[in-house]
Each structure stands twice: as structure tokens, then as C-alpha cells.
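Let me begin by presenting the structure, written as C-alpha cells, before commenting on it.
Laboratory data are not the source of any read-out in this text; all were calculated from the coordinates shown. It should be emphasised that the depicted structure is a prediction, and the values quoted were computed from it without experimental measurement. Cβ coordinates were reconstructed from backbone atoms using ideal geometry, including for glycine residues, and neighbour counts include every protein chain displayed.
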Amino acid sequence: MLDLGKYANAILSSWGITLALLIALILVTWRRSVQVKKALHAAEKRVSENG
């Protein structure tokens, strides 16, 4: 492993926080995408039923 010296805690915690934030962003984006797709399909269905 890398020798990070006295900055090891700061560096590793920064990496951990960054990784956690990236994962959270991906999950939020994915969840929103699913919601928008459902809404789009519902809107398309309403339009096709109304002719």
C-alpha cells in the first residue's frame, strides 16, 4: 500500500467520502430515471387512448 504519512487519515477519508457521494449520486439518478420512465409511459398511454 502507499505510504501516505501523516496525511493518511485525511486522504483515505476523502476517498471514502467521494466514493460514497458518487454511489449516492448514481442511485439517485437511477431512481429518478425509473420514475421519469414510468411517468412517460403513463403519458404516452393516455395520449394513445384519447386518440
Query raised in the report: Using 7 Å Cα-to-Cβ label points, what is the residue 36/residue 14 separation (nm, one decimal)?
Result: 3.2 nm
Report summary line: So, with points 7 Å from each Cα along the Cβ direction, the residue 21-residue 46 label distance in nm works out to 3.8 nm
Requested in this report: Assuming a ≥ b ≥ c are the square roots of the Cα gyration tensor eigenvalues, decide whether the chain counts as rounded (a/c under 1.5), prolate (otherwise, with a/b larger than b/c) or oblate.
Outcome: prolate
Query raised in the report: Taking only Cα atoms, what is the 0 to 90° angle, nearest 10, from helix 8-50's long axis to the longest principal axis of the chain?
Result: 0 degrees
